[in-house]
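Scroll down for the structure; my scribbles are underneath it.
The numbers here are math on the coordinates, done by the rules we state, and not lab data. Because the structure is a prediction, the values reported are computed rather than measured. With ideal geometry, Cβ positions are generated from the backbone for all residues, glycine too; neighbour counts draw on all protein chains shown.
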Amino acid sequence: MTRTPAREAAVHPSRVPRLVVVGNPENRRVELFRAAARDWPAPVEVLPWRALAAGAVTLPAGALVRVDSPGEDAEVDRLLRGAEAPAEHGEIVGLAAWYDGFGAALLRLGDAVRDAGATLLNDPYEILVMFDKRACHARLGRAGVPVPPALLPAPRDYGELRELMGAAGWHRVFVKPAHGSSASGILALRAAAGRVLATTSVERASDGRLFNSLRVRAVRDEREIAAIVDRLAPDGLHVERWFPKAGLAGRVIDLRVLVVAGTVTHVVVRASRTPLTNLHLGNVRGDLAALRAVMGAEAYAQALATCVRAADGFPNSLHAGVDLMVGTGWRRHAVAEVNAFGDLLPGLLDERGRDSYAAELAAVRDGWPARRPAAAAERAEPAERSARVERVA
Amino acid sequence: MTVNEHVTVFAGLPVVEFGADVPVPPDPGAVAWRLSAEYDTTPDEFSALVGEFLAAVDPGAVTALIVGQWGQAYETPAPVELLADLAPSLTGLTALFLGEMTFEECEISWIRQGDVTPLLDAYPRLEVLRVRGSEGLLLEPVRHTALRELAFESGGLPGAVARAVGECDLPALEHLELWLGTPDYGGDTVVEDLAPILSGTRLPALRELGLRDAQIADEVAAALAEAPVVARLDTLDLSLGALSDAGAAALLDGQPLTHLRRLDLHHHYVGTELAERFARELNGVTIDLSERCEATDFGGRYVAVAE
């Protein structure tokens, strides 16, 4: 065994960089990360998203910088959207403006990182790709990662959505806001033989505003569905053909697979009675051992290998949370999403007894990013980067 | 509730999904073969899959077949003709499940069926026929001497189908299962449509009767309370429906049910008082009263499987 950096640190404390978490200080993501980092031999600090969302920031010299979610804070959301008033609780509003503000903030962070000679554990450009479902889908597709086909170009309203579905011969699709997170604004839509049905957690207020709900409902009124889609579309849509997911123990399932430094560390089965599997929608964690038994070792290994390849598309990010759908026959699989902040998996331990954050910190102790796989490090995409700079600048 | 997962056992056999890379067991008749197109395939590609299947196995040895997604099942009717035409090859087929799809593939009320009578005509030795989905479903009254088990799973069973079942002559039928569903999804079956079944005249071998997923469960229960067929049953299944105290009281106060082996009422709206009466008065009968549901503030009661 080589000496771990932590052991070295005991001898040379000055060599261990400070950890800075960009997050919302009261959020449990930050709390759980700090708990996992309690043995880190240097200070662990929080750079509040409110500061970064509001303007320029500075970082301690040589720090390691972890970027976590700006979510669940109305003021941060307001600042990122550049809006006068905060959104109401659960309101789905200004997703494109939010994305632009989020990008600008991440670029400011990049500046601060350069100024401080700091090191990022998640690359701002890669985060931005992961927060653009269209760009993420395209990147995965180019890398040969199985993804459901998408409607291209993305429809600009409900009428165009139905036209494009008709032209493609698709009757079942997932309509997603391009910049939404978790299940926000997603509709599982079927349309055939004069009938329409959408399953969604979106509620529409009488004044037309949209809200996330914890209740998944079926909408059969086409005017209601159209009103929701038309309200979401100006901020960008990403529409994929519905990939039918396997069922287990009476529930539909998919997998959240956390890939840390090129290795799968944590897998969660998300089990739902609706097409939307996000755990905050009253869904439950399913039985991974049962799933592996039904799926078979080979298909399971292939599925995880796909997740690693998906995460390989983001070589400068320490971790990526890949949502993997397994087909109804257990043989095919496809990636639904790659989540930049997909490592909030409370209480879930890997084979070595580590939670997601501990596994990430261990990878850093082992030398990530300097020792990240060479193949991954080479996968820089300069053209895409400069395009992204223009987009977010 | 919706149909969320595939069956893993059918006609007593473990299900194996056919695929080009799936090894064929030494006895192809020892498993139930599932033929299902991928979600993005067309009906033409489904018939190609059937062709591959028939080339890979000895068709005459196949005993049980499950047809899942045949491609765009929400607009293309089930491949009844294709399956009927295979009868000269599938000489050993005794069990068929048509439309075994989960809601992720196609909601039960969106599955397009058609006239399934040709299947009974083409396979006189068929013992098990299970059909999921009722959009466009038709059945002509037939006489079939081998059929032991017949099931129509739906979110709304057309009354015409219920009547046709009653007019069939099925001397070997032991298990009949109708998911009546709700009028919202085409379930316009009324109790009168069930009269021939409840009389049992043409169903001399019937042992298990399921009138499931019924919005009209209370009316069905009231009819069962004096239906001649009940005396012959060992299993009565009113599960998945909207059964309330009215239906439960009718069952308890009607003809004796103590001869039953099993009474399945799971997913119901029966109060605790009557539920306790079942336990007390039907001592010796296995009763499933799980999944008690609460009516809405406006008295709304729902079946388990609708859309």
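Between the residues A:L232, B:Q215, B:V67, the greatest Cα displacement towards the positive end of the dipole of the protein assembly as shown, with unit charges on the Cβ of Lys, Arg, Asp and Glu, is found for A:L232. Amide H contacts for A:V20 (H built 1.01 Å from N in the peptide plane; partners 5 or more residues away or on another chain; cut-off under 5 Å): A:E45, A:L64, A:V65, A:R66.
Computed from Cα atoms, the angle from the helix A:95-116 axis to the main principal axis of chain A rounds to 10 degrees. Of B:T272, B:T235, B:G156, whose Cα points farthest to the positive end of the dipole of the range B:156-307 (charges on the beta-carbon: +1 Lys, Arg; -1 Asp, Glu; origin at the Cα centre)? Farthest towards the positive pole: B:T235. Note on the protein assembly as shown: with charges restricted to the Cβ of Lys and Arg (+1) and Asp and Glu (-1), its dipole about the Cα centre is near 2680 debye. Only the Cβ atoms of Lys and Arg (+1) and of Asp and Glu (-1) were treated as charged; on that basis the dipole of the range B:216-307 about its Cα centre amounts to roughly 320 debye. Taking every alpha-carbon pair within chain B, the share separated by more than 34 Å comes to 22 percent. Treating each Cα of the range B:1-147 as an identical point scatterer and summing with the Debye formula, the log10 of I(q)/I(0) at q = 0.11, 0.20 Å⁻¹ comes to -0.37, -1.34. Considering helices alone, the calculated mean residue ellipticity of the protein assembly as shown at 222 nm is -8500 deg cm²/dmol, with DSSP H runs of length four and up weighted by -39500 (n - 2.57) and normalised per residue. Applying both filters, DSSP loop and at most 15 other Cβ atoms within 10 Å, to the trypsin sites (Lys or Arg not before Pro) of the range B:157-254 gives B:R207. Stokes-Einstein diffusion for chain A at 20 °C, viscosity 1.002 mPa s, with a Kirkwood radius from C-alpha pairs, works out to 98 µm²/s. Compactness of the protein assembly as shown, taken as the C-alpha radius of gyration over 2.2 N^0.38 Å, stands at 1.09.
The stretch between B:T91 and B:H259 holds 56.6 nm of extra length on full extension. This uses 0.36 nm per residue minus the Cα-Cα distance. Dipole check for the range A:72-170: with +1 at the C-beta of Lys and Arg, -1 at the C-beta of Asp and Glu, and the Cα centre as origin, the magnitude is about 560 Debye. Listing B:D169, B:D218, B:D44 from fewest to most neighbouring C-beta atoms within 10 Å gives B:D44, B:D169, B:D218.
Residues of chain A were split at every exposed loop site, defined as trypsin sites (Lys or Arg not before Pro) in a DSSP loop with at most 11 other C-beta atoms within 10 angstrom, and the longest piece left, sites excluded, is A:39-351.
Taking a point 7 Å out from the Cα of B:T272 in the direction of its Cβ, the residues of the range B:219-255 whose backbone N falls within less than 19 Å of it are B:244-246, B:248-249.
In plain terms, the C-alpha convex hull of the range A:188-227 casts an average shadow of 2.7 nm² when viewed from every direction.
Across the range A:259-273, computed HN-Hα scalar couplings (Karplus, 6.51 cos²θ - 1.76 cosθ + 1.60, θ = phi - 60°) run 10, 10, 6, x, 10, 6, 10, 9, 10, 10, 8, 9, 10, 9, 9 Hz from first to last residue, x flagging Gly and Pro. The fewest-to-most ranking of B:F152, B:F298 by surrounding Cβ atoms within 10 Å reads B:F298, B:F152. Using a Debye calculation, one point per C-alpha and no hydration shell, please list log10 I(q)/I(0) for the range B:168-307 at q = 0.09, 0.16, 0.21, 0.22 Å⁻¹ in order. These q points yield log10 I(q)/I(0) values of -0.24, -0.78, -1.33, -1.45. Size of the range A:17-92 from its Cα atoms: along the principal axes, largest to smallest, the extents are 41, 25, 13 Å. Karplus-derived 3J(HN,Hα) values for the range A:301-315, using 6.51 cos²θ - 1.76 cosθ + 1.60 with θ = phi - 60°, are 4, 5, 5, 5, 4, 4, 5, 5, 5, 4, 5, 4, x, 10, x Hz; glycine and proline are entered as x.
Taken over the range A:90-222, the alpha-carbon convex hull comes to 144 cubic angstrom per residue.
Loop-located chymotrypsin sites (Phe, Trp or Tyr not before Pro) in the range B:80-120 (DSSP state other than H, G, I, E, B) with a sparse environment of at most 12 neighbouring Cβ atoms within 10 Å are absent.
In this structure the amide hydrogen of A:N339, modeled in the peptide plane, comes within under 5 Å of the amide hydrogens of A:G321, A:V322, A:D323, none closer than 5 places in sequence on its chain.
Simple spin-label estimate for B:D288 and B:E81 gives 3.9 nm between the two label positions (7 Å along the Cα-to-Cβ direction from each Cα). With the charge dipole of the protein assembly as shown set up from +1 on Lys and Arg Cβ and -1 on Asp and Glu Cβ about the Cα centre, the Cα lying farthest toward the positive end among the listed residues A:G353, A:H333, A:C136 is that of A:G353.
When the alpha carbon coordinates of the range B:193-233 are projected onto the principal axes, the ranges are 27, 17, 17 Å, largest first. The amide H of B:L96, built 1.01 Å from its N in the peptide plane, has B:L65, B:V128, B:L129, B:R130 as neighbours under 5 Å, considering only residues 5 or more places off or on other chains. Here the Karplus curve 6.51 cos²θ - 1.76 cosθ + 1.60, taken at θ = phi - 60°, turns the phi angles of the range A:330-339 into couplings of 6, 9, 8, 8, 8, 8, 8, 8, 10, 9 Hz, with x standing for Gly and Pro. For chain A, the longest principal axis of the C-alpha atoms and the axis of helix A:133-142 are separated by about 80°. For chain A, the longest principal axis of the Cα atoms and the long axis of helix A:382-392 meet at an angle of about 70 degrees.
Ranked by how many other Cβ atoms sit within 10 Å of their own Cβ, fewest first, the residues B:D188, B:D253 fall in the order B:D253, B:D188.
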